[in-house]
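Enquirer: Dropping the structure in here first, questions after.
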Amino acid sequence: MATPFKRSALTLLAASLAASALFSTGAHAEGKISIAQQFGIGYLILDVVRDQQLIEKHGKEQGLDIKVDWNSISGATAMNEALLTGALDVVSAGVPPMLTVWDRTKGKQNVKAIAALGSMPNYLLTNNPNIKTLKDFSDKDRIAVPAAGVGFQSRTLQIETAKEFGDAQYKKFDDISVSLPHPDATAALIAGGSEINSHFSSPPFQYQALQNPNVHKVLSSYDILGGQATFNVLYTTEKFHDENPKTYKAFYAALAEAEKIIKADKPAAAQAYIRVEQSKLPLALVEQIVKDPEIDFTVVPQRTFIYAEKLQELGVLKNKAGSWKDYFFDEAHEGAGS
């Protein structure tokens, strides 16, 4: 579990990254890339890229010695701020936060997605035995999410809430949502006795929580989206994409190779996750997650357009996307995305 020191250190990191950008001219020489990821096995593709030094490998094929700067930040808000200030080149978050920054920067920084990081379900969990469906939540309950109101889990919940209660009430559960990193929310859910009695979780945390007999699943993001759907994506600005063609190409090739490596040897990929994340999770549990048939570690986006359509209908997004290709850079268009 994350310690308070680690959380504060991450906050300081985000602040220092943003501050350093204020003194930057914005110039970016080919051969450098700074990347930020969040926590959880949803970032396995990046872990394999890092473990196998695949960006450096593909950079050499482009005639570049690429220097890669890896960062860990919790929450899409900090990610987006660091990206837009120029403190980071590439950030990662759920599909809705990416769409929000795509919408807000259209015609300006023109942020778009690079690639998906995989499709995996997120479970809404609770230790309240009286909650069986979404309609059973009351004002007394508290749902932990990484970024209340704006993150992947909150936006997914809003889409389901609009379906159940009508579009006008899509924010119905925002008032009982609390921003909390997944590790802390998981600890609270398992321990019980706190105001946090529910958690819209993600792998591997939902697997840990469900090992506790007092915790049960209320619904899955796959239930809401109608099947297998992208969880996290990587995204960057048009400036970085256009001004660093060789670095970008090497990065995209590294992601594609990492997907193949994971699918070819899932036990080895599980070991890479533990190494890179310095995870204390049992290897058997990580292997179980990587092998879960519900999960597909792929760079091809799946069902992302559902978010683009529904969030625009709800007024969250101002710009209407014609297809998923509107908010992904061209390199991703060759895949059978959605």
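The values are calculated or read from the model by the stated rules, or taken from the named source; none is laboratory data. Predicted model, so just to flag it, every value in this text is computed and none were measured. We place every Cβ from the backbone using ideal geometry, glycine too, and count neighbours over all the protein chains shown. Please note that ligands, DNA and RNA were not included when accessible areas were found on the heavy atoms of the full protein model with its side chains. Shrake-Rupley method; radii C 1.70, N 1.55, O 1.52, S 1.80 Å.
Enquirer: Across bins of 5 angstrom width beginning at 0, how are the C-alpha pair distances of region 180-338 distributed, in whole percent?
Expert: 1, 7, 13, 16, 17, 17, 15, 9, 4, 1, 0
Enquirer: Based on a Kirkwood Rh over C-alpha pairs, give the Stokes-Einstein translational diffusion coefficient of region 100-259 at 10 °C and viscosity 1.306 mPa s in µm²/s.
Expert: After rounding, the answer is 92 µm²/s.
Enquirer: Please give the charge dipole size of region 211-261, origin at the Cα centre, charges +1 on K and R Cβ atoms and -1 on D and E Cβ atoms. Round to the nearest 20 debye.
Expert: Rounded to the nearest 20 debye, it is 120 debye.
Enquirer: Based on alpha-carbon positions alone, could you give the equivalent ellipsoid semi-axes of the chain from the gyration tensor, as √(5λ), descending, whole Å?
Expert: 31, 23, 19
Enquirer: Across the chain, where is the longest run that never hits trypsin sites (Lys or Arg not before Pro) in a DSSP loop with at most 14 other C-beta atoms within 10 Å?
Expert: Longest run free of exposed loop sites: 141-279.
Enquirer: Taking the alpha-carbon distance from K310 and a cut-off under 13 Å, which aspartates and glutamates remain once sequence neighbours fewer than 8 residues away in the same chain are dropped?
Expert: Hits, sequence-local ones excluded: E160, D167.
Enquirer: Return one number: the angle in degrees, 0 to 90 and rounded to the nearest 10, between the long axis of the Cα atoms of helix 4-22 and the longest principal axis of the Cα atoms of the chain.
Expert: With rounding to tens, the tilt is 40 degrees.
Enquirer: Net charge within 14 Å of Q53 by Cβ-Cβ distance, Lys/Arg positive one each and Asp/Glu negative one each, not counting Q53 itself?
Expert: So the surrounding residues net to -2.
Enquirer: Just the accessible area per residue of region 95-168, please: how many Å² with a 1.4 Å probe?
Expert: Averaged over the residues of region 95-168, the accessible area is 35 Å².
Enquirer: Please tell me which of these pairs span more than 28 angstrom C-alpha to C-alpha: K266/K320; K135/K325; K217/K291?
Expert: K266/K320; K135/K325
Enquirer: Stokes-Einstein diffusion coefficient for region 240-286 at 10 °C in a medium of 1.306 mPa s, Rh from the Kirkwood formula over Cα pairs: what value in µm²/s?
Expert: Answer from the Stokes-Einstein relation: 129 µm²/s.
Enquirer: How large is the Kirkwood hydrodynamic radius of region 184-223, in angstrom, based on all distinct alpha carbon pairs?
Expert: 10.4
Enquirer: In 5 Å bins starting at 0, how do the alpha-carbon pair distances of region 68-128 split up by percent?
Expert: Bin by bin from 0 Å, the calculated values are 4, 15, 25, 24, 14, 10, 5, 3, 1, 0.
Enquirer: Per residue, how much accessible area does region 212-316 show when a 1.4 Å probe rolls over the protein heavy atoms, in square angstrom?
Expert: So region 212-316 comes to 43 Å² accessible per residue, rounded to a whole number.
Enquirer: Another question, then. Under a point spin-label approximation (7 Å from Cα along Cα-to-Cβ), what is the E56-E294 distance to one decimal in nm?
Expert: For the pair E56/E294, the computed spacing is 3.7 nm.
Enquirer: Picking from L314, G337, P293, whose Cα lies most toward the positive end of the charge dipole for region 259-338 (charges on Cβ: Lys, Arg +1; Asp, Glu -1)?
Expert: Working it through, the farthest residue towards the positive pole turns out to be L314.
Enquirer: By how many degrees, 0 to 90 and rounded to 10, does the Cα axis of helix 152-165 deviate from the longest principal axis of the chain?
Expert: Helix 152-165 and the main axis of the chain meet at about 40 degrees.
Enquirer: Lys/Arg Cβ at +1, Asp/Glu Cβ at -1, dipole of the chain taken about the Cα centre: which of N232, P267, A253 is farthest positive-ward?
Expert: In the chain, that residue is N232.
Enquirer: Pop out the ³J(HN,Hα) list for region 248-262 in order, Karplus 6.51 cos²θ - 1.76 cosθ + 1.60 with θ = phi - 60°, rounded to Hz; leave Gly and Pro as x.
Expert: Calculated HN-Hα couplings, in order: 5, 4, 5, 5, 5, 5, 5, 5, 5, 5, 4, 4, 5, 4, 4 Hz.
Enquirer: Counting pairs of alpha carbon atoms under 8 Å apart in space and at least six apart in sequence, what relative contact order in percent does the chain give?
Expert: Reported as a whole number, the value is 26 percent.
Enquirer: Then there's this: Can you pull the percent of region 209-338's accessible area that's carbon plus sulfur, 1.4 Å probe, other chains left in place?
Expert: The value for region 209-338 is 48 percent carbon and sulfur by accessible area.
Enquirer: Carbon-plus-sulfur fraction of the accessible area of region 53-199, 1.4 Å probe, in percent?
Expert: 46
Enquirer: Would you tally the net charge around K239, using a Cβ to Cβ cut-off of less than 15 Å, leaving K239 out, and scoring K and R as +1, D and E as -1?
Expert: Its environment carries a net charge of -1.
Enquirer: Taking the Cα centre of the chain as the origin, how large is its charge dipole in debye, to the nearest 20, when only Lys and Arg (+1) and Asp and Glu (-1) carry charge on their Cβ atoms?
Expert: Here the size comes out at about 240 debye.
Enquirer: Also, I was wondering about something else. Taking the dipole about the Cα centre of the chain, with the C-beta of Lys and Arg at +1 and of Asp and Glu at -1, give me whichever of Q62, Q38, M120 is farthest to the positive side.
Expert: Q38
Enquirer: If you bin every alpha carbon distance in region 189-266 into 10 Å steps from zero, what whole percent lands in each bin?
Expert: Bin by bin from 0 Å, the calculated values are 13, 28, 26, 22, 10, 1.
Enquirer: With θ taken as phi - 60° and the coefficients 6.51, -1.76 and 1.60, list the Karplus ³J(HN,Hα) couplings across region 221-238 in order, rounded to whole Hz; mark glycine and proline as x.
Expert: Values, residue by residue: 4, 5, 4, 6, 8, x, x, 4, 8, 4, 9, 10, 9, 9, 8, 8, 8, 4 Hz.
Enquirer: Please list, ordered by chain and number, the residues whose modelled amide H lies under 5 Å from the amide H of S177; skip anything fewer than 5 residues away on the same chain.
Expert: Result for S177 returns I143.
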